[in-house]
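J.: A single structure is presented below for examination.
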Amino acid sequence: MNKDFLIALGVTLVFYAGYSYFFPPKQAEVPQNAQAAIEEQAASNTPKIKVTGSNSSQEEEERLYTLELKDADITFSSKGAAIKTYEFKDAVANLNLTPYGGAGYFATMPELNFEKVDDAAWDMAFEAVLQDTLRVKKGYSFDKDGGLNKLSLTVKNISDKNIEISDVFVNMGPGLATVESEMSENSANMRAICLIREEGKKNATVNDITEKMMTKPAKLEEECSNWEWAGIDNRYFLTAFIPRSWKPAASDLKFSKQYVYSQPSFYGLFGQKAVKGPKLDIKLPMSLAAGQDLTFDADFYIGPKDYEELSAEPYDLQRSIQFGFFGQFGKWARNLLEWLYGYTHNYGWAIIIMTLMIQLVMFPLTYKQLKSSAVMQKIQPQMKIIQEKYKNDPMTAQREMMALYKKYGANPLSGCLPLFIQLPIFLALFNALRTSWSLHGSPFIWWIHDLSAKDPYYVLPIAMGIMMFIQQKMTMPDMGKDNPSMAMMKWMPIFMTLIFLNFPAGLTLYWFVSNCISFVINLILKKRLAKAF
């Protein structure tokens, strides 16, 4: 590998891996805007009630109900008719996506203790009465193939007065769990998001919702105006709530962060650190005349971020998958990987073939880069002679250097173009392989049972480091012990090995095969150049 590329790659990976770890988003305090609430109250003559009391003269205990589906076992709570636990039947091991307490996902009026009722129209239905004022009905219907689900909330005013209900929300969060192999990075990957469609843009945009937006309404309006869906996600999973019978405003999104768990800080060297998960509440407009009822119909999704499955659904849910800055390259790589898998039926072999194909396409640039490096290595002794001879005459030294480059067809800058092309492709593949649900639980050979998880015995990253070391010895010129560039390069194989130890096995496999191909090219090129000098 070209040393400039390795240096650039190493710096990029350190920044990519370290920024999220050492600089998590700041936890801002969200002030309560009491004055705004007073002004809002004064603007309306309609009596308002706040859902704070129980629907029973005696506080009832929470009751749990379980619904077993093909892809998940779902436990509902009578409090707010919420999803308390969503145990996804994962290919590796069952996983509870919502283990962090709170009111539960899609809770409404969690102060109410709902009764489960039988209703053939819904897989799970609930009903509650609040203070002889409201009758609330709520139903869930689940897609049997794990796609979009339906939720309906009907609120009926059974009193003889017009009323307005304040602070009624659909809750999501706090936090979202993930597979064990990704838990160490889950704190950096959990986020609240909204999808919007901007005029003049072909594709929908997914924007992060942050605490800062709660104190800057203009920023929230800019990022989530006319949002189509909102939700919480991490690297592999997504929950999304899609209003259908009403059009909520950006100001109806209420974001906060709550403690969800603790995890070791820097491998436990600094003890434990608290992880806060995103919590997103969607406000429901509740103003009812006497005897009136309101129905809020919505679709929702909870499950894995499978690109093909989400692309087959409406609402552009697949936009939640983060392919990074060079996203289009990542999508092409994903499509190529899926196409090759159709023939190999093994994603490990598909990654190897894809690497060979990418290297074949890039061969002219790679050849030029390696040839330039080899030539520079060959003329290194002559360059040292010129530098020593004209050390007091920089202008003459420069002219002699240029003459030497021209004589052997060398160009010290000829390795830059391949660098600028290789780095975006690597970063695109990095994101494509790290976010690919297809690799999750997908075995390769022998000890590698999950290409989306790290190599359990670190065979691939260590083999990659050894290959880099051998290649370095073969290609790097001896520029002296005091040369900073060479000193850094000596440590590069160890440095890269340590970085790749916890990377997905699929990504490490790609980089190992890529290094092996470069090694073979270097070996052949070195023999050819030996005859030319």
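J.: Within the range 199-214, count every residue that is in contact with a Pro (Cβ under 9 Å, 6 or more places away or on another chain) and surrounded by fewer than 14 Cβ atoms within 10 Å (Cβ to Cβ).
T.: 0
J.: Anything in the range 255-272 that is of a type in the set (S, T, Y), surrounded by fewer than 15 Cβ atoms within 10 Å (Cβ to Cβ) and either touching a residue at least 40 places away in the same chain (Cβ under 8 Å) or part of a strand (DSSP E or B) (or both)? List them, or say none.
T.: Result: Y259, S262.
J.: Go through the range 153-198 and count every residue that is in a loop (DSSP other than H, G, I, E, B) and either open to solvent by less than 10 Å² (accessible area, probe 1.4 Å) or touching a residue at least 24 places away in the same chain (Cβ under 8 Å) (or both).
T.: 16
J.: Limited to the range 340-381, what total is found for residues that are closer than 18 Å to L509 by Cβ and assigned to a helix (DSSP H, G or I)?
T.: Matching residues across the range 340-381 total 18.
J.: From the list I386, I421, I379, I448, pick out the single residue that is open to solvent by less than 30 Å² (accessible area, probe 1.4 Å), in contact (Cβ under 8 Å) with a residue 24 or more places away in the chain and more than 30 Å from E180 (Cα to Cα).
T.: Result of the check over I386, I421, I379, I448: I379.
J.: Is it the case that some residue within the range 354-367 is modelled with pLDDT of 85 or more, within 32 Å of the chain's Cα centre (by Cα) and open to solvent by less than 20 Å² (accessible area, probe 1.4 Å)?
T.: Scanning the range 354-367, I find at least one residue that is modelled with pLDDT of 85 or more, within 32 Å of the chain's Cα centre (by Cα) and open to solvent by less than 20 Å² (accessible area, probe 1.4 Å), so the answer is yes.
J.: Moving to a separate point now. Quick check on this structure: which one of M468, M464 is under 30 Å from K305 (Cβ atoms), part of a helix (DSSP H, G or I), at pLDDT 80 or above and not polar (S, T, N, Q)?
T.: On inspection, the qualifying residue turns out to be M464.
J.: How many residues does the range 274-294 contain that are assigned to a strand (DSSP E or B) and open to solvent by 50 Å² or more (accessible area, probe 1.4 Å)?
T.: Residues flagged as assigned to a strand (DSSP E or B) and open to solvent by 50 Å² or more (accessible area, probe 1.4 Å) within the range 274-294 amount to 5.
J.: Here is a check on your reading of the model: is Y405 in a helix (DSSP H, G or I) and under 24 Å from K526 (Cβ atoms)?
T.: It is true that Y405 is in a helix (DSSP H, G or I) and under 24 Å from K526 (Cβ atoms).
J.: Moving to a separate point now. For the structure I just gave you, tell me whether K150 is among the basic types (K, R), under 22 Å from G173 (Cα atoms) and not in a loop (DSSP other than H, G, I, E, B).
T.: Yes: the conditions hold for K150.
J.: So, in the range 436-449, exactly how many residues are in a loop (DSSP other than H, G, I, E, B) and either closer than 17 Å to L95 by Cβ or of a type in the set (D, E) (or both)?
T.: So the count comes out to 4.
J.: Counting just the residues of the range 221-234 that are acidic (D, E) and under 22 Å from the mean Cα position of the chain (by Cα), which one comes out surrounded by the most Cβ atoms within 10 Å (Cβ to Cβ)?
T.: D233
J.: How about the range 295-318: which of its residues are small (G, A, S) and open to solvent by 30 Å² or more (accessible area, probe 1.4 Å)?
T.: S311, A312
J.: Would you mention how many residues in the range 124-134 are modelled with pLDDT of 95 or more and surrounded by fewer than 18 Cβ atoms within 10 Å (Cβ to Cβ)?
T.: Counting residues in the range 124-134 that are modelled with pLDDT of 95 or more and surrounded by fewer than 18 Cβ atoms within 10 Å (Cβ to Cβ) gives 1.
J.: Limited to the range 235-254, what total is found for residues that are within 19 Å of the chain's Cα centre (by Cα) and either open to solvent by 10 Å² or more (accessible area, probe 1.4 Å) or modelled with pLDDT under 95 (or both)?
T.: 2
J.: Filter the range 76-109 down to residues that are in contact with a Gly (Cβ under 9 Å, 6 or more places away or on another chain) and among the acidic types (D, E), then give me how many there are.
T.: The total comes to 1.
J.: Taking the range 137-152 on its own, how many of its residues are modelled with pLDDT under 95 and open to solvent by less than 10 Å² (accessible area, probe 1.4 Å)?
T.: 1
J.: Residues of the range 62-104 being outside any strand (DSSP E or B), among the β-branched types (V, I, T) and open to solvent by 20 Å² or more (accessible area, probe 1.4 Å), which ones?
T.: V92
J.: Right, next: Are there any pairs, at least 6 apart or on different chains, whose C-beta atoms fall under 8 Å, with the first in the range 497-510 and assigned to a loop (DSSP other than H, G, I, E, B) and the second open to solvent by 10 Å² or more (accessible area, probe 1.4 Å) and of a type in the set (F, W, Y), and if so, which?
T.: L501/Y458
J.: Residues in the range 106-120 that are more than 20 Å from S166 (Cβ to Cβ), aliphatic (A, V, I, L, M) and either outside any loop (DSSP other than H, G, I, E, B) or open to solvent by less than 10 Å² (accessible area, probe 1.4 Å) (or both): how many?
T.: Summing the residues that are more than 20 Å from S166 (Cβ to Cβ), aliphatic (A, V, I, L, M) and either outside any loop (DSSP other than H, G, I, E, B) or open to solvent by less than 10 Å² (accessible area, probe 1.4 Å) (or both) in the range 106-120 gives 1.
J.: Of all the residues that make up the range 319-348, how many are open to solvent by less than 30 Å² (accessible area, probe 1.4 Å) and farther than 24 Å from I448 by Cα?
T.: 4
J.: If K481 meets every condition in (1) of a type in the set (K, R); (2) farther than 20 Å from E185 by Cα; (3) modelled with pLDDT of 80 or more apart from one, which number is that one?
T.: Against the list (1) of a type in the set (K, R); (2) farther than 20 Å from E185 by Cα; (3) modelled with pLDDT of 80 or more, K481 comes up short only on (3).
The values are calculated or read from the model by the stated rules, or taken from the named source; none is laboratory data. Being a predicted model, the structure only gives us computed values, none of them experimental. Cβ atoms come from the backbone with ideal geometry, glycine included; neighbour counts cover every protein chain shown. When the accessible area is computed, the model is the full protein with side chains, heavy atoms only, and any ligands, DNA or RNA have been set aside. Shrake-Rupley method; radii C 1.70, N 1.55, O 1.52, S 1.80 Å.
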